[in-house]
Amino acid sequence: MGDTAKLTAGGGDYEFPVKSGTLGPDVVDIGKMYGKTGMFTYDPGFTSTASCDSGLTFIDGEEGVLLHRGYPIGQLAEHSSFMEVSYLMLNGELPSQDELDLFTYTITRHTMLHDQLRQFYQGFRRDAHPMAIMCGVVGALSAFYHDSTDISDPEHRKISSHRLIAKMPTIAAMAYKYSIGQPMMQPDNRLSYTGNFLRMTFGVPAEEYEVVPAVEKALDRIFILHADHEQNASTSTVRLAGSSGANPFACIAAGIACLWGPAHGGANEAALNMLHEIGTPDKIPEYIARAKNKDDPFRLMGFGHRVYKNYDPRATVMQKTVREVFDALKVNDPVFEVALQLEEMALNDDYFIEKKLFPNVDFYSGVILSAIGFPTEMFTALFALARTVGWVAQWNEMISDPGQRIGRPRQLYTGPTERDYVPITQR
Ligand code: SDX
């Protein structure tokens, strides 16, 4: 009999099994708690709740560790590619060269959208936020792929996964083109996954588009840094949507909607807007004071994290990548200096030290994406593009779990007790 957790409540003594994973905290299995005690657990925000078993991504927030299938994010960012990390997340092992070539070939040949989907964009206002378009178009994919929405069929799950990973760059690039009134570009499958995306975004039919290798590499690395991140809000949304048996396109559209929030994936857009609002280093103390002021709703965007109570390892790579992109494009955006000094001041301020608030993945990403030429409204769309790999891998892991059931949390009811209806003439 393994370790157990003992609970004394409501006049009774109860024991619950403790389960251990390969890394990280043990868990108390409270699945039978309501049946045994007549009580629910209570954990709004899920700060102490493990919602599932998963072998995809491990985070140690205290140490600032992030592993994908056991491989440290720093090594993957340094040596791998987004296609290789996508294969790793979906299949569990790094691919051989032949496996990687076949996977890349397969993804490349799913990059085109059904031509009627291009009409779908016409229904949006030109100034629609790209995330509104992403939610709509990705959800609409389920109206075009009836041949692969039987989630009980592993082959259907596989082709839907490939279609989603392959089409996100095309959908995101088309959202951008639509917003600036330029013709939408078709994929050019001679290019890499990321090179194709750059050309569809910044290329025009009227002339050749030259992919800058250093920019392609930097953006590919940014996609790796955003690929997956354990059971974050949008991934949990995808899992919960998937637990009802909804088709994968609808589940990913739900994940996109959740990611859009400024507390989550929308923080990269909010962080760059904040840096521009600060403008110059001499204004930083004013904004740090505001972030510390309980009566001011302002928070330092790109700072803090539910799990990381240390430096987000992705932010470390991101900061290094800023300089590479600046050098490659021969640009030097003064906002980077504001970001560096803001980080320096915050990390030496007792408030941030005591609350263990560090830069997260969103703090520097906007500086790089802006230097490459993306407008701030596109930042979260790029996050969604990359996170689709994680969402799809997490969805597959959940759906193929034989013990999978629909997710259905309970509540602590605080509303009125039962009362009789009162006719309107007597109110
Ligand atoms: C992402 O979950 C993931 O893994 C997400 C993500 C992923 O890859 O999927 O990593 C991507 O979403 C990164 C986070 C991006 N969001 C931001 O940068 C927005 C700014 N950050 C915060 O809103 C906040 O830090 C959160 C939302 C990220 C985390 O919020 P928590 O865990 O609920 O923490 P909290 O709000 O309870 O904050 C704890 C304390 C509070 O003070 P007290 O009430 O204890 O006095 O720290 C303070 C907060 O006021 N605080 C901040 C702050 N973040 C937290 N104060 C100032 N500036 C901040 N950024």
_Those residues of region 109-133 which are in a helix (DSSP H, G or I) and either out of contact with any Ser or Thr (no Cβ under 9 Å at 6 or more places or on another chain) or of a type in the set (Asp, Glu) (or both), in sequence order_ = Asp115, Gln116, Leu117, Arg118, Gln119, Phe120, Tyr121, Ala132
*Quick one: what pairs do we get from region 244-259, first residue within 11 Å of Ala233 (Cβ to Cβ), second surrounded by 24 or more Cβ atoms within 10 Å (Cβ to Cβ) and not polar (S, T, N, Q), C-beta under 6 Å, 6+ apart or different chains?*
Gly255/Val238; Gly255/Trp391; Leu259/Gly265; Leu259/Ala384
*asked:* Going residue by residue through region 165-180, is there one that turns out to be open to solvent by less than 50 Å² (accessible area, probe 1.4 Å) and free of Cβ contacts under 8 Å to residues at least 12 places away in the same chain?
replied: no
*Does region 394-405 include one or more residues that are touching a residue at least 60 places away in the same chain (Cβ under 8 Å), in contact with a Gly (Cβ under 7 Å, 6 or more places away or on another chain) and within 19 Å of Leu272 (Cα to Cα)?*
no
*asked:* Suppose we filter region 148-207 for residues that are in contact with an Asp or Glu (Cβ under 9 Å, 6 or more places away or on another chain), of a type outside the set (A, V, I, L, M, F, W, C) and either part of a helix (DSSP H, G or I) or over 22 Å from Arg387 (Cβ atoms) (or both); how many remain?
replied: 11
*In region 266-297, how many residues are near the ligand (Cβ under 10 Å from one of its atoms) and open to solvent by 30 Å² or more (accessible area, probe 1.4 Å)?*
6
*Out of (1) under 27 Å from Ala77 (Cβ atoms); (2) more than 16 Å from the chain's Cα centre (by Cα); (3) touching a residue at least 24 places away in the same chain (Cβ under 8 Å), the odd one out for Gln411 is which?*
(1)
_What's the number of the only condition in (1) among the hydroxyl-bearing types (Ser, Thr, Tyr); (2) under 30 Å from Asp26 (Cα atoms); (3) open to solvent by less than 40 Å² (accessible area, probe 1.4 Å) that Thr111 fails to meet?_
(2)
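Here's a check for you: in region 340-364, which residue that is among the aromatic types (Phe, Trp, Tyr) and touching a helix residue (DSSP H, G or I) at 6+ places or on another chain (Cβ under 6 Å) is farthest from Asn268 (Cα to Cα)?
Once the filter is applied, the top-ranked residue is Tyr351.
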*All but one of (1) assigned to a loop (DSSP other than H, G, I, E, B); (2) crowded, with 24+ Cβ neighbours inside 10 Å; (3) more than 10 Å from the ligand (Cβ to nearest atom) hold for Ile256, so report the exception by its number.*
(1)
*asked:* Between Val331, Val325, Val307, which is of a type outside the set (Gly, Ala, Ser) and in contact with a Gly (Cβ under 9 Å, 6 or more places away or on another chain)?
replied: Val307
_Every residue from region 202-248 that is of a type outside the set (Asp, Glu) and at positive phi_ = Gly245
_Residue that is nearest to the ligand (Cβ to nearest atom), among those in region 311-323 that are touching a residue at least 40 places away in the same chain (Cβ under 8 Å) and either open to solvent by 70 Å² or more (accessible area, probe 1.4 Å) or not in a helix (DSSP H, G or I) (or both)_ = Asp312
*Of the numbered conditions (1) assigned to a loop (DSSP other than H, G, I, E, B); (2) surrounded by fewer than 19 Cβ atoms within 10 Å (Cβ to Cβ); (3) within 16 Å of the ligand (Cβ to nearest atom); (4) not hydrophobic (A, V, I, L, M, F, W, C), Pro95 satisfies every one except a single condition; which is it?*
(3)
_List pairs: first residue in region 282-309 and closer than 16 Å to Val361 by Cα, second residue more than 6 Å from the ligand (Cβ to nearest atom) and among the charged types (D, E, K, R) anywhere in the structure, Cβ distance under 7 angstrom, at least six positions apart or on different chains._
His305/Asp312; Lys309/Glu62; Lys309/Lys356
*Report, ordered by the first and then the second residue, all pairs with beta carbons closer than 6 Å, sequence separation of six or more or different chains, a first member in region 342-370 that is open to solvent by 20 Å² or more (accessible area, probe 1.4 Å), and a second member that is more than 10 Å from the ligand (Cβ to nearest atom) and not in a helix (DSSP H, G or I).*
Phe358/Tyr311
*For region 413-427, name all the residues that are farther than 21 Å from Met39 by Cβ and β-branched (Val, Ile, Thr).*
Val422, Ile424, Thr425
*Give the residue that is modelled with the highest pLDDT, with candidates limited to residues of region 114-157 that are of a type in the set (Phe, Trp, Tyr) and open to solvent by less than 40 Å² (accessible area, probe 1.4 Å).*
Tyr121
_Among (1) more than 16 Å from the ligand (Cβ to nearest atom); (2) in contact with a helix residue (DSSP H, G or I) (Cβ under 6 Å, 6 or more places away or on another chain) - the single one Met33 does not satisfy_ = (2)
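Going through region 212-240 one residue at a time, which ones are away from the ligand (no atom under 16 Å from the Cβ), surrounded by fewer than 22 Cβ atoms within 10 Å (Cβ to Cβ) and part of a helix (DSSP H, G or I)?
Selection gives Pro213, Ala214, Val215, Glu216, Lys217.
The values are calculated or read from the model by the stated rules, or taken from the named source; none is laboratory data. Values in this document were obtained by computation on a predicted structure and should not be read as measured data. Heads up, the Cβs are rebuilt from the backbone with ideal geometry, glycines too, and the neighbour counts pull from every protein chain shown. Side chains included, ligands, DNA and RNA excluded: accessible areas come from the protein's heavy atoms. Shrake-Rupley method; radii C 1.70, N 1.55, O 1.52, S 1.80 Å.
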